[in-house]
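One structure is given here, and the rest of the page talks about it.
The values are calculated or read from the model by the stated rules, or taken from the named source; none is laboratory data. The structure presented is a predicted model; accordingly, all values stated were derived computationally and were not measured. Please note: Cβ atoms are built from the backbone with ideal geometry, for glycine as well, and neighbour counts cover all protein chains shown.
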Amino acid sequence: MTDWTSLGIGLGLALAGGMLIALGSRRWSLCPLQSCPALETGQRVAFTVAGKQYATALQGVEGDSLILAPPLERGLPVSFEVGTFAEVRLTTPAGVYEARVQFVGRRAQPQPCLMARVASRWRHIQRRRYERVLLPDEVTVALQVGDDCWVGWAHDASQGGLRLNAPVAVAPSAPVVVEIPAALSGVLCCTGACRARVVACERAPTRYGYMYQLRLAFVDG
């Protein structure tokens, strides 16, 4: 006769063990190395290869590798040979971190990306450079993407960047121009028509319906 009590206890222990393993794996994937910063999709990443600097955004993490959007040069994506080393600088809400990485491959699907294995411990080199200011009332801003102009709604800002909702998707690393209204005078590092780079673009529900949330980093000032 089957001991249903023992069977139930065994199944419960197995389920609990599986959950712990899953949680441990998730935590490992978010923090591949000891002392690494909190990693989030869309974070600004700058890196240097052979003395040349590039800027891009973090798309995710896989094991001990960062998944990066290819940086653009003259409008074209740039890739690097497998085995190439680079010094990476990662900007997070807690500050700026640096580490050494090695490019281990690239992918074309579902979107182009570069794979870079973290080859050293992260170094916390400075605290957050700019304080983020939440805007009590969303501020209307004009957004120019190429030859097209749109209206967006900014809901937080800092000296170095701006987060806003826009009716169109814009690819990460794409250049844009934002017309800064007088309501944000003194909050940002630039005034008037400011050039910026898209750090991240995500589909998001808003009070205006479904729109795209853009994170911008200014390249002026």
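A few remarks follow.
- Hits in the range 130-147 - residues which are crowded, with 18+ Cβ neighbours inside 10 Å and modelled with pLDDT of 85 or more: Val141, Leu143, Val145
- Qualifying residue in the range 99-119 (condition: more than 18 Å from the chain's Cα centre (by Cα), aliphatic (A, V, I, L, M), closer than 22 Å to Ala50 by Cβ and modelled with pLDDT under 85): no
For (1) closer than 19 Å to Pro205 by Cα; (2) at pLDDT 80 or above, each residue gets a yes or a no:
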position: Arg128; (1), (2): no, no
position: Cys149; (1), (2): no, yes
position: Ala169; (1), (2): yes, yes
position: Pro175; (1), (2): no, yes
position: Ile180; (1), (2): no, yes
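- Of the residues making up the range 51-97, those that are of a type in the set (A, V, I, L, M, F, W, C), in contact (Cβ under 8 Å) with a residue 24 or more places away in the chain and not in a strand (DSSP E or B) are Ala69, Val78, Phe80, Ala94.
- Residues located in the range 63-80, provided they are crowded, with 19+ Cβ neighbours inside 10 Å and either aromatic (Phe, Trp, Tyr) or within 14 Å of Gln102 (Cβ to Cβ) (or both): Ser65, Leu66, Leu68, Phe80
- Subset of the range 182-211 that is within 24 Å of Pro112 (Cα to Cα) and surrounded by fewer than 19 Cβ atoms within 10 Å (Cβ to Cβ) - its residue that is modelled with the lowest pLDDT: Ala204
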